[in-house]
Each structure stands twice: as structure tokens, then as C-alpha cells.
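Before any comments, here is the structure.
The values are calculated or read from the model by the stated rules, or taken from the named source; none is laboratory data. Predicted, not measured: the structure shown is a model, and the values here were computed from it. Note that each Cβ is placed from the backbone with ideal geometry, even for glycine, and that neighbours are counted across all protein chains shown. Accessible surface areas use protein heavy atoms only, side chains included; no ligands, DNA or RNA. Shrake-Rupley method; radii C 1.70, N 1.55, O 1.52, S 1.80 Å.
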Amino acid sequence: AKDSLVFIDGTTGMASQVGVTGFDSIWALTSAWNTLYGLTASGELIEIQKQNGASTLIHTFPNVSFYGAASTPGR
């Protein structure tokens, strides 16, 4: 099964599915320059559309697995 983007309401704690990404094992999310990025256990860097979860492969890093990500407030 492919991973889904899920929105969690910070006030109520309720979760709702935004959409299916088309990728699996997305272990890291980061936001930079008003864009949401995902990083996978297979070394894929993907751009995720916040509106519907649809995703596009940007680059694959060979022999790399991602298990976390970070961003700075300036981005």
C-alpha cells in the first residue's frame, strides 16, 4: 500500500486523509520555501502537494535511506 498524507487538526486532534502520495515508506517530511517534501527509506526525495497528497519524484539518492528530516524557521 502507498502512503497517505494526513492532516491532523491541532485544536481537536482529529485526523483526516488528504490523499494518497503514490510512494511508500515516507519516513520524513520537511517544509521549505512553501513546499512540502518527503524522504523515503529508498532514498527518494519527493515533492508532496499539500492540497491532495499527489507526489512527484525529484531525485533518488542511491544507497541512502532517510529516517528523519529537519528544516529551519527561515524556510
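Protection proxy ranking, highest mean first, for peptides 26-34, 47-55: 47-55, 26-34, where packing is the per-residue count of other beta-carbon atoms within 10 Å, averaged.
Diffusion coefficient (Stokes-Einstein, Kirkwood radius over C-alpha pairs, 25 °C, 0.890 mPa s) for the chain: 191 µm²/s, rounded to a whole number.
Residues whose amide H falls under 5 Å from that of Thr21, counting only those 5 or more places apart or on a different chain, are Asp3, Ser4, Leu5, with hydrogens built in the peptide plane. Given +1 at the Cβ of Lys and Arg, -1 at the Cβ of Asp and Glu and no other charges, the dipole of the chain around its Cα centre is 120 debye to the nearest 20. Per-residue 3J(HN,Hα) values for segment 10-27, derived from phi via the Karplus relation 6.51 cos²θ - 1.76 cosθ + 1.60 with θ = phi - 60°, read x, 8, 9, x, 6, 10, 9, 6, 7, x, 7, 7, x, 10, 10, 6, 7, 9 Hz in sequence order (x marks Gly and Pro). Heavy-atom accessible area with a 1.4 Å probe sorts Phe61, Phe23, largest first, into Phe61, Phe23. For Leu36, the residues whose modelled amide H falls within less than 5 Å of its own, excluding neighbours fewer than 5 places apart on the same chain, are Ile48, Lys50.
Per-residue 3J(HN,Hα) values for segment 52-58, derived from phi via the Karplus relation 6.51 cos²θ - 1.76 cosθ + 1.60 with θ = phi - 60°, read 9, x, 4, 10, 10, 6, 9 Hz in sequence order (x marks Gly and Pro).
How much accessible area per residue does the chain have, counting only protein heavy atoms and a probe of 1.4 Å, in square angstrom? Per residue, the chain has 66 Å² of solvent-accessible surface.
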